[in-house]
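> First, the structure itself, so that you have it in front of you.
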Amino acid sequence: MISLLPQKIKKTVEMNLFEFIPNDKVSSQNPSEKPEIVTPEQLNTFSKIDALDFKLSQYFNNKFIVQRSLTRQLVSFQANKMIASYRWYKYKEAFSAPLVGYLLSRYGIESGKVLDPFAGSGTTLFAASAAGMGVDGIELLPIGEQIIAARLCLEREFTVDDFADIKRWLKKCPWKQSNERYPLQKLRITDGAYSPETSDAIERYMGAMQKENERVRLILRFALLCIMESISYTRKDGQYLRWDYRSGRRKGGKTFNKGEILNFDEAICAKIEEILHDMKLVSGHLEKHDQGNIHLFKGSCLDIMPELSCDSYNAIVTSPPYCNRYDYTRTYALELALLGVNEKELINLRQQMLSCTVENRAKDLLAINPQWAKAVEAADQQELLQAILHYLEDQKAQGKLNNSGIPRMVRGYFYEMACIIAECSRVMKQNAYMFMVNDNVRYAGASVSVDMILSSIAQKLGLQVENILVLPNGKGNSSQQMGEHGRDSLRKCVYIWRKA
Ligand SMILES: C[S@@+](CC[C@H](N)C(=O)[O-])C[C@H]1O[C@@H](n2cnc3c(N)ncnc32)[C@H](O)[C@@H]1O
């Protein structure tokens, strides 16, 4: 591990001007909003943001560590692709089970209870449980809930007869002969996502499923959820679903070709086979290990966390949505439609999510929980955050943002995160660790140091910043290179906080 100063080299204000010229070299998953020319007023604000960013980086100077063992593969879903059970549903925003295992063992967390307030596909839940710990998760979207429910059912409730039923489905493909059809929920944003033959096959598959018991139905529906993108004309693309030219829909460009669109029968049989194959491994694994209890709360962590008891968790391992405009309710729309979510429910889910899209309206946090006054105050007093918000509002007023919802989204993101951090701090035991995976972002040319802003807020809310582990960024992360690239690199980090 090498300790270094992030963005340490600050040259003159003139140099900073050049650092903000639009054609910077940063490649990021985050859409950057770049001004075409830099005005004197912008320069002033940039200088202020820059100075505050520098001040904060000086303050956290000895906390930053570039950790080579934290590869992108480990911190993303990639490392799960080869692991039985984790590989079934490719939840692209997931982190990996080995990352959770690494953090728990590296920081000596061996017993007690773990929490993940943004459980997603349940990586923390299953990895911490496999390490023998009890785990609670909170997840808002029904797709995450289904992935977790299906895995729990397969690993803990499935009977020999249930397995025989699934094998029968693989052998006999009952949907091919079925006349029962279960109509697919139609959503405006998913209309026309499948060819007529695929739609028909899905409806017959769902129809035939209704004859099975609840557990078998859950697993058959899960297998279908796992393949929906691959049999559709769409591809998940962060902010929305991208449409293949064969769909006849225009969004995503007339020329987008997603490549092979899988045949329903082949794709579903391959997925069922994969699940059956892994279950053999998992049942072998289960016999050898004591697994901790898993409990999933369904809903928004903003509503659920205040209900949790104080001082009850030995660790929190989590990754919230990033402040990057990714809209899970759009990218997971096929799956949500299959799960019966209607238009109104979809909009409600979008609004309940942590503010990370330009469509999120401001949430009245103090009306949700008056106890959050201190968290709101911590965000109010975070100088760098306030300078960034001021700049973005100013850019909006000048009509320079390509979407006027950006300032509201960034504000909502940090204020809501402040409240969630306050809750995490409250429910953690003394000396417990909190690990958070998150990315920095950039809007209108201004870098938003999410890592330092959230760490500074966390400190106001009873958590000590032990380290901010930085992923090596491909360009090389030696102190010298970090200095040279300075503002170019949008850090991807794992924050290590501890309840003081
Ligand atoms: C980065 S993903 C977490 C992925 C997870 N670590 C995994 O390995 O699968 C963030 C998750 O937060 C969920 N989420 C967003 N807003 C939420 C809220 N208000 N309450 C609970 N979950 C929320 C999203 O649905 C998404 O699944």
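> Normalised radius of gyration for the chain, please: alpha carbon Rg relative to 2.2 N^0.38 Å, two decimal places.
Working: Rg = 23.5 Å, N = 500, 2.2 N^0.38 = 23.3 Å.
Ratio of Cα Rg to 2.2 N^0.38 Å: 1.01.
> Can you give the convex hull volume per residue for the Cα atoms of the stretch 135-277, as a whole number of Å³? Please report the intermediate quantities before stating the final value.
Numbers: hull volume 18.4 nm³, N = 143.
So the per-residue hull volume is 129 Å³.
> Give me the orientation-averaged projected area of the Cα convex hull of the stretch 377-462, in nm², one decimal. If you can, show how the numbers build up before the last one.
Details: hull surface 22.3 nm².
Computing the convex hull of the Cα atoms and averaging its projections yields 5.6 nm².
> Can you tell me the length gained on complete extension of the stretch Ser309 to Arg350, counting 0.36 nm per residue apart and subtracting the Cα distance? Please report the intermediate quantities before stating the final value.
Details: separation 41, 0.36 × 41 = 14.76 nm, distance 2.75 nm.
Net length gain for the segment: 12.0 nm.
> Using the basic label-point model (7 angstrom from Cα toward the beta carbon), what is the Glu180 to Glu274 distance in nanometres?
So the two model labels end up 2.7 nm from each other.
> In the chain, what % of DSSP beta bridges are antiparallel (nearest 5)?
On the way: 23 of 42 bridges.
If I count the DSSP bridges inside the chain, around 55 percent turn out antiparallel.
> Once the mean 1/r over all distinct Cα pairs of the stretch 67-134 is inverted, what Kirkwood radius in angstroms do you read off?
Working: mean 1/r = 0.0821 Å⁻¹.
Taking every pair of different Cα atoms in the stretch 67-134, averaging 1/r and inverting gives 12.2 Å.
> Can you give the calculated 222 nm mean residue ellipticity of the chain, where each DSSP H run of n ≥ 4 adds -39,500 (n - 2.57) and the sum is split over every residue, rounded to the nearest 500 deg cm²/dmol?
So the calculated ellipticity at 222 nm is -13500 deg cm²/dmol.
> In addition: For the chain, find the longest principal axis of its Cα atoms and tell me its angle to the long axis of helix 450-460, 0 to 90°, nearest 10.
80
> With Kirkwood's inverse mean 1/r over C-alpha pairs for Rh, give me the Rg to Rh ratio of the stretch 40-100, two decimals please. Don't jump to the answer; show the numbers that get you there.
On the way: Rg = 18.8 Å, Rh = 14.6 Å.
Over the Cα atoms of the stretch 40-100, Rg/Rh equals 1.29.
> Pop a pseudo-label 7 angstrom from the Cα along the beta-carbon direction at both Lys429 and Ser69 and give the gap in nm to one decimal.
2.4
> Among Val448, Ala127, Asn263, which residue has its Cα positioned farthest towards the positive end of the charge dipole of the chain, with +1 placed on the Cβ of Lys and Arg, -1 on the Cβ of Asp and Glu, and the dipole taken about the Cα centre?
So the residue we want is Asn263.
> Just to confirm my numbers, what's the Cα centroid distance between the stretch 390-422 and the stretch 111-132 in Å?
Cα centroid to Cα centroid, the span is 31 Å.
> Hey, got the dipole for the chain? About the Cα centre, +1 on K and R Cβ, -1 on D and E Cβ, debye to the nearest 20? Please report the intermediate quantities before stating the final value.
On the way: 65 positive and 58 negative charges, 165 e Å.
About 800 debye.
Computed from the coordinates by the stated procedures, all read-outs in this text should not be read as laboratory data. These numbers were taken from a predicted model, which means no experiment stands behind them. Reconstructed Cβ throughout: ideal geometry from the backbone, glycine too, with neighbour counts over all protein chains shown.
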